[in-house]
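What follows draws every value from the coordinates through simple rules; no lab data is involved. Note that this is a predicted model, so its numbers are computed, not measured. FYI the Cβ positions are ideal-geometry reconstructions off the backbone, even for glycines, and counts take in every protein chain you see.
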Amino acid sequence: MSGGALPGLPPADMLLVLAVILPLFGLLPLLLLGSRLAERLTLLVLAAGLAVALGIGAEVAAAGQAATAFIGGWRPPLGVGLRADGLSAVMLVMTAVVLCATGLYAMTGPATPRAAGERMPTAFWMLLLCVWSALNLVFVAEDLFTLYVALELLTFAAVPLVCLDGKEGQIEAALRYLVFALFGSVLYLLGTVLIYALYGTLDIILAARRASVSPGLVVALAAMTAGMMAKAALFPLHLWLPPAHSGAPPAASAMLSAVVIKAPIFLLVRFWLDLAPESLAVKVGPILAGLGAAAILMCSLVALAQHRLKLLIAYSTAAQIGYLFLMFPLAAAASAWSALAWTGGALHLASHAFSKAAMFMAAGLIAEAVGHDRIKGLTGLGRALPVSVAAFGLGGLSLMGLPPAGGFVAKVMLLSAAVHLGNWWIALVILIGGLLAGGYVLRVVVPALQRPAAPLALRPVAGWREWVALALALVAVGLGFVPLEPSAYLAIGRPASWAEGAP
Amino acid sequence: MSAETLFGLAAAALCAIGIYGLMVGRGALARLIAFNLLGGGVFVLFGVVARRGAGAGFGGDPVPQALVITGIVVAFSATALGAALVERLAQLRAKGGAPSEEPEADT
């Protein structure tokens, strides 16, 4: 038991379990409640869950080692272990912040009583909590089969979010998403059974100790990687993402694009940096980075050609995913610079989550006020909806990688690691990707700041919802003030082992 | 050829058919069936692994057997969700793309 590092906080192992089950406990009573009560209860659970996530983060920082929990006191290989290292803690807090903001954005609010039909249905709040529980489980589980269950739970919660309004286009998008996601899960399961057959354990840490390069392991990791690529919408498996993320209600889009998509990427990091032998990871890294580079270039170009704001943001997600894959060859290399690439990748992951959530929320408000989201019709919007346009612009600033935003620092870290490790092509792709991102963000922001040709007829939107979006965008920008060096916090608990905090 | 090898090859064949079907299949229903074939292949593989790992007087290793039950349940619910979406989509298309009357999504 590693808990009790901080006085006044519950032990860390209890917090880890709470992070997973608290949203589920919150979800069950929602079945019986109407949408108004469901909304209030969900907001309470969100606040409590944020406290749990922050608690885990503080415990990990105070102990300087990963927090662990063993279900029923059974240690792996007999039992199932939960473990939060520095990266997991960052992901937990990031998810909690984004989902709390989503909850605030989606709630009815005191100042603007919306009609019953406009309120988010109870189903939305249930799915939100379910997504959260599944994500937290992905971030703390070390058992391959538990991760499978978490991934499927995530799929089952995320797919209905896409078709919440039940429109034909949404159901088409949801169905396509479901097929890709199921394909991903079953390939992941194939890899799981192969690893169990090879090493006789499902625990990632124990399997990693026994792992050696063999055809069986290569097939297993290939299947799992292909599965996670389908779920993360990495080019060329990204086709499901734009219709699904752009068609969903804005609050759902923010969740899907900002955090849901990060779960498979987090697992890829686990597979290639924790599970796979280094000799194999070094060989596969460039392949993943090549696909990431293709994603950045292709999806950014497609984003430039979009006419609809939400589709543009969705394609930008598919492009930004690519940056996270550039991290693999850099972080897998045994060099002092790989720690910097590792920090840069994690920072990009977090800053993208905040900026993308802010952009989808702003786009939702813009669509609500203007009545459509055609980019051509947004000229002069900056005067009418300054806060929303600022949120979109600041989020975009981080995507472009302009200082002082979080995206800037992340890209500088990746760039310097790429240059020092001699991967000049990765550096080139990062630079071109930044230019393209600048292109598609400015395509929206520049006309929005111009004088409108004709006065825009706007419906009123709740001001505080605009401020929620802006606050998230400011967090993304604020991440740019982290020190430009390998983060010690992210190194906590790595390389992964069960030895620490042993009872 | 031992039974394990035979079942292992059968699992591989099922997986191959499933992946092929998912890649070239037209229409969501065909892909759902392909997903089930692929899943079937993986589940057979679980059985093979259980048999291969048999020890201590057991007929099979109980861990994969326990896992495969969960896997089958999850695959079944996934198929049900997919089928519900397919049906809903067909209903909406039959109405000529008119928006649905019920505000709740059919989840």
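Taking label points 7 Å from Cα along the Cα-to-Cβ direction, B:Ala83 and A:Trp467 give a separation of 5.0 nm.
When chain B is treated as a Gaussian network with alpha carbon springs shorter than 10 Å, the biggest mean-square fluctuation among B:Leu89, B:Leu29, B:Leu81 belongs to B:Leu89. Counts of other chain beta carbons within 10 angstrom of each beta carbon in peptide B:77-85 average 5.
Each label point was placed 7 Å from the Cα along the Cα-to-Cβ direction; for A:Ala61 and B:Ala12 their separation is 5.2 nm.
Neighbouring Cβ atoms within 10 Å as the yardstick, rank B:Leu67, A:Leu324 fewest first. If you can, show how the numbers build up before the last one.
Numbers: B:Leu67 23, A:Leu324 26.
Exposure proxy ranking, most exposed first: B:Leu67, A:Leu324.
Taking Cα centre as origin and charging only the Cβ of basic (Lys, Arg, +1) and acidic (Asp, Glu, -1) residues, the dipole magnitude of the protein assembly as shown rounds to 1180 debye.
Here the range A:289-503 yields Rg over Rh of 1.05, to two decimals, using C-alpha coordinates and the Kirkwood radius.
With +1 on the Cβ of every Lys and Arg and -1 on the Cβ of every Asp and Glu, and nothing else charged, how large is the dipole of the range A:289-503 about its Cα centre, in debye rounded to the nearest 20? Present the calculation step by step, with values, prior to reporting the outcome.
Numbers: 12 positive and 5 negative charges, 144 e Å.
Around 700 debye, computed over the range A:289-503.
Computed over neighbours whose Cβ is under 14 Å from that of A:Ala363, the net charge equals +3, Lys and Arg +1, Asp and Glu -1.
Taking each residue in A:169-179, count the Cβ atoms of any other chain within 10 Å of its Cβ, then average. What number comes out?
Values: counts 3, 3, 14, 5, 0, 7, 12, 3, 1, 10, 11.
Average per residue, whole number: 6.
Using only C-alpha positions, report the orientation-averaged shadow area of the convex hull of the range B:3-95, nm², one decimal.
Working: hull surface 25.4 nm².
For the range B:3-95, averaging the hull's shadow over all directions gives 6.4 nm².
Contact order, relative form, for the range A:222-280: 38 percent (alpha carbon pairs under 8 Å, 6 or more residues apart, mean separation divided by residue count). Ordered by the number of other Cβ atoms lying within 10 Å of each residue's own Cβ, fewest first, A:Met126, A:Met91 fall into the sequence A:Met126, A:Met91.
Distances between placed amide hydrogens fall under 5 Å for A:Asp203 paired with A:Leu144, all partners being 5 or more residues away or on another chain.
Per residue of peptide B:36-47, the mean number of Cβ atoms on other chains within 10 Å of the residue Cβ is 4.
Based only on other Cβ atoms within 10 Å, what is the fewest-to-most ordering of A:Trp240, A:Trp125, A:Trp425?
Details: A:Trp240 22, A:Trp125 27, A:Trp425 14.
If I rank by nearby Cβ atoms, fewest first, I get A:Trp425, A:Trp240, A:Trp125.
Using the structure shown, select from A:Lys356/A:Lys411; A:Lys376/B:Lys95; A:Lys231/A:Lys356; A:Lys356/A:Lys376 the pairs with a Cα to Cα distance greater than 25 angstrom. Pairs exceeding 25 Å: A:Lys376/B:Lys95. Which listed residue (A:Ser355, A:Leu221, A:Val140) has the Cα farthest towards the positive end of the charge dipole for the protein assembly as shown, taking +1 on Lys and Arg C-beta and -1 on Asp and Glu C-beta about the Cα centre? Checking the options against the dipole of the protein assembly as shown, the answer is A:Ser355. Ranked by the mean number of other Cβ atoms within 10 Å per residue, highest first, peptides A:82-89, A:487-494 order as A:82-89, A:487-494. Counting 0.36 nm for each residue step from A:Phe25 to A:Leu301 and taking away their Cα separation leaves a gain of 95.0 nm.
Taking Cα pairs under 8 Å and at least six residues apart, what relative contact order does chain A come out at, in percent?
Details: 928 pairs, mean separation 77.4, N = 503.
Reported as a whole number, the value is 15 percent.
Given their separation in residues at 0.36 nm each and the Cα-Cα distance between them, A:Phe481 and A:Ser214 gain 91.8 nm when the chain is fully extended. Inter-part distance, the range A:266-324 to the range A:28-60, computed on C-alpha centroids, equals 32 Å.
Please report the relative contact order for chain B, taking Cα pairs under 8 Å with a sequence separation of at least 6, and give it as a percent rounded to a whole number. It would help to have the intermediate numbers written out before the result.
Details: 98 pairs, mean separation 22.8, N = 107.
Dividing the mean separation by the residue count of chain B yields 21 percent.
In chain A, helices alone account for a calculated mean residue ellipticity at 222 nm of -23500 deg cm²/dmol, with every DSSP H run of four or more residues adding -39,500 (n - 2.57). The HN-Hα couplings worked out from phi for the range A:203-208 by the Karplus form 6.51 cos²θ - 1.76 cosθ + 1.60 (θ = phi - 60°) are 7, 4, 5, 5, 5, 4 Hz, whole numbers, x standing for Gly and Pro.
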